[in-house]
Amino acid sequence: MRNLIKGKSGESSELQVGYTKSQEQHKEGDIWEEGGKKWILKEGIKQTYTKLDKVKKEAILPLFCPNCGSLMKKRLDSKMYKIHNKCFDCVIEMETKLKSQNKFEEYSLNMRLKNAEDAIDDYEVYLLENLNISNNQYVSEKGEIERWKGGQDKEQLAKEIKENVAELKLKLKQAQNDQT
Ligand SMILES: [Zn+2]
């Protein structure tokens, strides 16, 4: 019905048959848009969702390194800043120090685990957002658009996404425990 009201064309009309708009009730962990803002229900409280804004900000390279204050102009500065929030030289210095203290292995492993966890989080956000953008289409991992009828499948899919994410995180935790 929503697509009809919005006047979206190109949608197969048969998909609208038997479709009822699901109620605007949100569960823990739900992300939705309302009044031009992104919201998330966390610990039962409706909060603005800022993770993606944070990612956007971090992607912008400031002129100077926040750690040493030197001008960041190298290609590697940009790459390192995104990961460590400091310039390439500062990262080299930090890693040299860690190596001298025999802490580099541990640091390196923690970085990889953190990256993996961030990637899982981003994946979950991406999937849930796509789910919330449209009630009757969903972009699969392969980039194919999958459609379905009604709101029931959307909920089922959201549940599956969350279950998969939880499983991935559990595996990550297990990998972490195996290493330490
Ligand atoms: Zn620096």
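Overview of values
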{"item": "Residue, modelled with the highest pLDDT, within the stretch 71-87, restricted to residues that are open to solvent by 50 Å² or more (accessible area, probe 1.4 Å) and within 12 Å of the ligand (Cβ to nearest atom)", "result": "Leu71"}
{"item": "Considering residues of the stretch 27-70 that are at pLDDT 75 or above and small (Gly, Ala, Ser) only, the residue surrounded by the most Cβ atoms within 10 Å (Cβ to Cβ)", "result": "Gly29"}
{"item": "Residue within the stretch 127-137 that is surrounded by fewer than 14 Cβ atoms within 10 Å (Cβ to Cβ) and either in a helix (DSSP H, G or I) or modelled with pLDDT of 85 or more (or both) present", "result": "yes"}
{"item": "Inter-residue pairs, beta-carbon under 8 Å, first closer than 13 Å to Ser70 by Cβ and in a loop (DSSP other than H, G, I, E, B) and in the stretch 80-95, second more than 8 Å from the ligand (Cβ to nearest atom) and open to solvent by 70 Å² or more (accessible area, probe 1.4 Å), 6+ apart", "result": "Cys87/Lys74"}
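The values are calculated or read from the model by the stated rules, or taken from the named source; none is laboratory data. Just so it is clear, the structure is predicted and the values come from calculations on it, not from any experiment. Counting neighbours? That spans all protein chains shown, and the Cβs are built from the backbone with ideal geometry, glycine included. Just the protein is used for accessible areas: all its heavy atoms, side chains included, with ligands, DNA and RNA removed. Shrake-Rupley method; radii C 1.70, N 1.55, O 1.52, S 1.80 Å.
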